[in-house]
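Structure, as structure tokens:
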Amino acid sequence: MDARFNMFDNETAMKFFKRFANAGMAVQQSPLPKSTQELVSLRASQINGCGWCIDMHVKEAVAGGEDPIRLHLVAAWRESTVFTEAEQAALALAEEGTRLADASQGVSDETWAQVRKHYDDDQVAALICLVALINAANRLAVIVHQKGGSYQPGMFAAAFD
């Protein structure tokens, strides 16, 4: 199935995407490790079933030097030995922040405590913003059925240079 609507060929959507990409730059330029950014984006995208974003974040992570084994294990991070405690805290935040409707409390106090243990204020701010941004991106792509498979590393950034 093709995408329902070509967001990349629409003037209004592109104005929005430019501003969205600028918001994302604040996270990308933050002290939050790039590998953590990609792991969090990948996990939220898996939960939301966003093929486009899964494709993008796997390919960007590999291009950035991430170990493919770790990427294969993101969906089962609790049952894996390849993630640091800090990454586990970030992945838990990504899951709980993505599944807000599934949990009456949202992000648990336990997860919040682990995030605060491993990340400073700027990194926490970046994590929160990242979870919000990736969930918004997932919704945009899923609504229009933007399929994964054709993304090339750097493609999204190049569209807004």
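Points to keep in mind about this one:
- In this structure, residue 100 does not satisfy being of a type outside the set (Asp, Glu) and modelled with pLDDT of 95 or more.
- Sole exception among (1) more than 23 Å from residue 155 (Cβ to Cβ); (2) part of a helix (DSSP H, G or I); (3) of a type outside the set (Val, Ile, Thr) for residue 55, by number: (1)
- Among the residues of the range 99-147, those that are closer than 15 Å to residue 42 by Cα and either crowded, with 17+ Cβ neighbours inside 10 Å or polar (S, T, N, Q) (or both) comprise 127, 130, 131, 133, 134, 135, 137, 138, 141.
- Only residues that are touching a Leu at 6+ places or on another chain (Cβ under 8 Å) and either at pLDDT 95 or above or surrounded by fewer than 17 Cβ atoms within 10 Å (Cβ to Cβ) (or both) were counted across the range 1-19, and they come to 0.
- Residue ID - farthest from the chain's Cα centre (by Cα), chosen from residues in the range 52-62 that are over 15 Å from residue 33 (Cα atoms) and open to solvent by 30 Å² or more (accessible area, probe 1.4 Å): 59
- Extreme residue, least open to solvent (accessible area, probe 1.4 Å), among residues of the range 70-82 that are under 25 Å from residue 137 (Cα atoms) and not basic (Lys, Arg): 74
The values are calculated or read from the model by the stated rules, or taken from the named source; none is laboratory data. Predicted model only: the values in this text are computed from it and were never measured. Cβ: placed from backbone, ideal geometry, glycine included. Neighbour counts: every protein chain shown. Just so you know, the surface numbers come from the protein's heavy atoms only, side chains and all, with ligands and any DNA or RNA stripped out. Shrake-Rupley method; radii C 1.70, N 1.55, O 1.52, S 1.80 Å.
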